[in-house]
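The next block holds one structure in the form of structure tokens; read it before the comments.
Nothing in this text is a laboratory measurement; each read-out follows from the coordinates by a stated rule. Please read all numbers here as calculations on a predicted model, not as lab measurements. A quick note on method: Cβ atoms are made from the backbone with ideal geometry, for glycine too, and the neighbour counts reach across all protein chains shown.
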Amino acid sequence: MKRFCKLFCVVLFVFSIVSVAHAENEVRIGVIFPLTGSAASTGQVLLEGVKLATDIINNKYKLNMPLAATEGLPNLKGAKIKIIVADHQGKPEIGMAEAERLITQEKVVAIIGCYNSAITATASQAAERYGIPFLNDSSTSPTLTERGFKWFFRATPNDDLLSENFYNFLNDLKKKKNIKINSIALFSENTLFGADSVKFQQKYADKYGYTVNGTVLYPAKSTQLTSEIQKLKSYNSSIVLQTSYIADAILSMKTYRELNYAPDAILANNAGFNDPEFVKTLGNDANFIISREVWAKDLANVKPMIKTIADMFQKRTGKTMDGSSSRSFTAMIVLADAINRARSTEPEKIHKALLETDIKGSQLIVPWDGVKFDAKTHQNVLGKGIIVQVQNGEYYTVWPFNLATKEVVWPFPKWDKR
């Protein structure tokens with residue numbers, strides 16, 4: 001019996017050493033995206049962006065970005081990033097529950113997520129309660145950084161900045177092409193993302209002297225939009241500013257065609273209109289949509305590293321890199337850089353390192369001036385937006401004009417003239 005107890009103690013001791021060594025050699029980061037449900041196609045590419053960034057961090061690459069030249073996190077003895085993935089299914093309550101599970105059971109030291117603003121709002125509440133850093137990669141509702149949270153940080157530009165970009169674009173376009181705009185209509189899904197978008201679109205319409213003569217809000221994940229689009233059509237506006245996730249974006253385009261509705265321009269608020277499934281599903285009917293973006297492959301003309309990473313992404317996944325995956329990729333690089341500089345996985349030290357983040361634009365694959373978080377709101381103050389247009393099934397930068405690779409097609413061609 002004594003020999004057995006002695007042997008058991010030795011085994012337990014060895015197991016403890018192995019467990020500690022294992023723990024020291026990996027840094028567990030939670031990742032929460034919509035991997036099933038109506039936004040699953042977006043969630044999948046978001047996850048692939050994180051996976052590619054993790055591979056670059058954990059292995060050696062000749063790239064001008066943080067942690068690419070080393071294996072793992074050099075300040076933590078080469079510890080590798082391990083991502084722990086969760087699916088929020090497009091449901092706020094599941095997002096919160098998964099964040100709690102990742103923190104309490106999976107023992108993650110930080111979380112990235114969650115794409116949908118309404119779900120980022122609930123999941124980040126859980127991180128706030130437990131005192132765990134939460135880095136938002138792609139949710140754009142401005143209110144997320146107005147809650148006074150200590151542990152919440154956002155890398156992507158928000159809808160305040162991106163809404164103003166629309167009107168900067170229109171002002172520049174009027175000067176360049178001498179176009180006339182009689183009025184604007186706002187068309188949006190009714191979750192936090194849509195409600196905030198409409199608020200800021202109206203704010204900047206007022207600031208820049210544009211008339212909004214109607215707003216139509218519809219229930220997210222609608223199965224038909226005929227009555228809403230008939231109402232939209234009745235406003236007879238030159239431009240529609242639209243905010244929709246992927247299923248609604250596709251449904252609305254089909255309905256536009258059925259009702260033969262073609263305003264001078266549909267300016268899309270990213271999201272579903274930039275999802276890989278949008279062009280894949282609609283084919284030629286996706287052409288000529290104009291959308292705000294934070295990334296485009298054709299920007300490789302001014303930043304060659306974009307093509308390098310986009311090609312790596314294509315080879316790994318068989319999919320085209322897009323604005324969503326480029327932002328989740330960037331978020332993982334930013335978070336890992338902070339953990340490495342913190343020289344620790346302690347939440348307070350990671351928090352301090354995030355506040356001290358100062359990554360240059362030349363080290364990013366997005367066309368931002370860099371990443372630097374505001375001390376109070378924790379919003380990245382160096383983010384920027386661009387405007388793209390779908391032409392021949394591809395997204396091309398059309399604004400700012402100094403970065404444009406294609407002339408914008410204006411007005412939106414009538415359906416029977418295509």
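Annotation note: of Lys280, Lys319, Lys315, the sole residue that is surrounded by fewer than 18 Cβ atoms within 10 Å (Cβ to Cβ) and part of a loop (DSSP other than H, G, I, E, B) is Lys319. Filter the range 285-306 for residues that are under 19 Å from the mean Cα position of the chain (by Cα) and in a helix (DSSP H, G or I) and give the result. Residues satisfying the conditions are Lys297, Asp298, Leu299, Ile306. Among the residues of the range 212-242, just one is among the aromatic types (Phe, Trp, Tyr) and outside any loop (DSSP other than H, G, I, E, B), namely Tyr218.
Gly49 falls short on exactly one of the conditions (1) surrounded by 23 or more Cβ atoms within 10 Å (Cβ to Cβ); (2) in a helix (DSSP H, G or I); (3) in contact with a strand residue (DSSP E or B) (Cβ under 7 Å, 6 or more places away or on another chain), and that condition is (3).
Selection of the range 158-211 for residues being farther than 18 Å from Lys384 by Cβ and assigned to a loop (DSSP other than H, G, I, E, B) yields Asn178, Ile179, Lys180, Ile181, Asn182, Ser183, Asn190, Thr191, Gly209, Tyr210, Thr211. Of all residues in the range 94-105, none satisfies being of a type in the set (D, E, K, R), out of contact with any Ser or Thr (no Cβ under 7 Å at 6 or more places or on another chain) and part of a loop (DSSP other than H, G, I, E, B). Identify all residues within the range 91-138 that are under 20 Å from Asp196 (Cα atoms), free of Cβ contacts under 8 Å to residues at least 60 places away in the same chain and surrounded by 24 or more Cβ atoms within 10 Å (Cβ to Cβ); write none if there are none. Once the filter is applied, which keeps residues that are under 20 Å from Asp196 (Cα atoms), free of Cβ contacts under 8 Å to residues at least 60 places away in the same chain and surrounded by 24 or more Cβ atoms within 10 Å (Cβ to Cβ), the range 91-138 yields Thr120, Ser124.
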